[in-house]
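First the structure, in the form of structure tokens, and then the observations on it.
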There are 2 protein chains.
Amino acid sequence: MTSFRFVVSVMPKEAILDPQGRAVEQSLPHLGVTTASGVRVGRRVELTLEAAGETEARETVERLAHELFSNPLIETASVELVDATSSIATDGRP
Amino acid sequence: MTSFRFVVSVMPKEAILDPQGRAVEQSLPHLGVTTASGVRVGRRVELTLEAAGETEARETVERLAHELFSNPLIETASVELVDATSSIATDGRP
């Protein structure tokens with residue numbers, strides 16, 4: 001078995017109003033930042049999955065990304081593999 | 001001037017309990033996923049900054065990441081440049 005570490009990025013869709021992003025954008029001038037635009041606030045979920053292979057692990061994470069981590073009506077979710085660690089040592093040591 | 005698009009990732013520190021991550025982890029078996037672990041839920045902020053150069057833009061975003069987007073006591077923030085677009089056409093066309 002291998003441990004796969006994934007990052008799921010969930011962002012509001014382009015056409016969707018992002019109240020959090022707007023609130024941030026409006027507060028920026030008070031911090032002296034007047035050249036910022038297009039602020040969008042979303043979620044970042046990290047998780048580890050044990051699986052026999054990457055395809056199997058990715059399928060599970062893709063399903064979770066769209067069923068649990070995001071609302072497909074108003075958000076987009078993308079999945080990225082960031083680490084894979086085999087639980088059996090490959091150098092012959094136990 | 002150049003437009004720099006940044007992604008700021010804000011995650012709860014390792015040592016900090018992450019109630020949202022725990023709630024997700026506990027709901028996974030109900031979705032048939034029993035091999036997940038280490039679920040952490042954080043934020044992803046995207047924004048564009050107009051600046052003369054990348055160093056200047058990055059300095060501003062780093063400051064915002066630590067002053068506005070995250071609470072340094074309990075969260076870590078990392079900044080990534082994902083796109084840079086010059087507002088002056090380089091092919092000679094206006």
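The values are calculated or read from the model by the stated rules, or taken from the named source; none is laboratory data. A quick note: this is a predicted structure, and the numbers were derived from the prediction, not measured. Cβ coordinates were reconstructed from backbone atoms using ideal geometry, including for glycine residues, and neighbour counts include every protein chain displayed. These area figures cover heavy atoms from the full protein model, side chains too; ligands, DNA and RNA do not enter into them. Shrake-Rupley method; radii C 1.70, N 1.55, O 1.52, S 1.80 Å.
What are the ³J(HN,Hα) values, in whole Hz, obtained from phi via the Karplus relation 6.51 cos²θ - 1.76 cosθ + 1.60 with θ = phi - 60°, for each residue of region B:5-17 in sequence order, with x given for Gly and Pro?
9, 10, 10, 10, 9, 10, 10, x, 4, 3, 7, 8, 5
Note the angle between two axes, namely the Cα long axis of helix A:54-64 and the longest principal axis of the Cα atoms of chain A, as a number of degrees from 0 to 90, rounded to the nearest 10.
For helix A:54-64, the angle is close to 40 degrees.
Can you compute the modelled spin-label distance between B:Ser27 and B:Lys13, with each label point 7 Å from Cα toward Cβ, in nm?
Result: 2.8 nm between the two label points.
In whole Hz, what ³J(HN,Hα) sequence does region B:33-39 give by Karplus (6.51, -1.76, 1.60; θ = phi - 60°), x for Gly and Pro?
Along region B:33-39, the couplings run 10, 10, 10, 9, 7, x, 7 Hz.
To confirm my reading of the symmetry, which residue of chain A has the Cβ nearest the axis that brings A onto B, and what whole-Å distance does it have?
Axis-proximal residue of A, distance in whole Å: A:Arg44, 2.
Per 0.36 nm of contour for each residue apart, how much would the distance between B:Ser87 and B:Arg63 grow if the chain were fully extended, relative to their Cα-Cα spacing? Mind dumping the intermediate values first?
On the way: separation 24, 0.36 × 24 = 8.64 nm, distance 2.42 nm.
Length gained between B:Ser87 and B:Arg63: 6.2 nm.
Taking 22 Å as R0, compute the FRET efficiency from the Cβ-Cβ separation of A:Gln20 and A:Thr76 and round it to 0.05. List each step's numbers first, then the result.
Working: r = 16 Å, r/R0 = 0.72.
Working from the Cβ atoms, E equals 0.90.
With solvent modelled as a 1.4 Å probe, how much accessible area in total do chains B and A shield from it at their shared surface, in Å² to the nearest 100?
Details: alone 6620 and 6620 Å², together 10810 Å².
So the total buried area for this chain pair works out to about 2400 Å².
Using a 7 Å offset from Cα along Cα-Cβ at A:Met1, what residues in region B:37-76 end up with backbone N under 17 Å from the label point?
B:37-39
Roughly how big is chain A's charge dipole about its Cα centre, with Cβ charges of +1 (Lys, Arg) and -1 (Asp, Glu), in debye to the nearest 20?
Value, rounded to 20: 320 debye.
With a 1.4 Å probe and all protein chains left in place, how much of the accessible area of chain B comes from carbon and sulfur atoms, in whole percent? Spell out each step's value before the answer.
Working: 2860 of 5410 Å².
It is 53 percent, rounded to a whole number.
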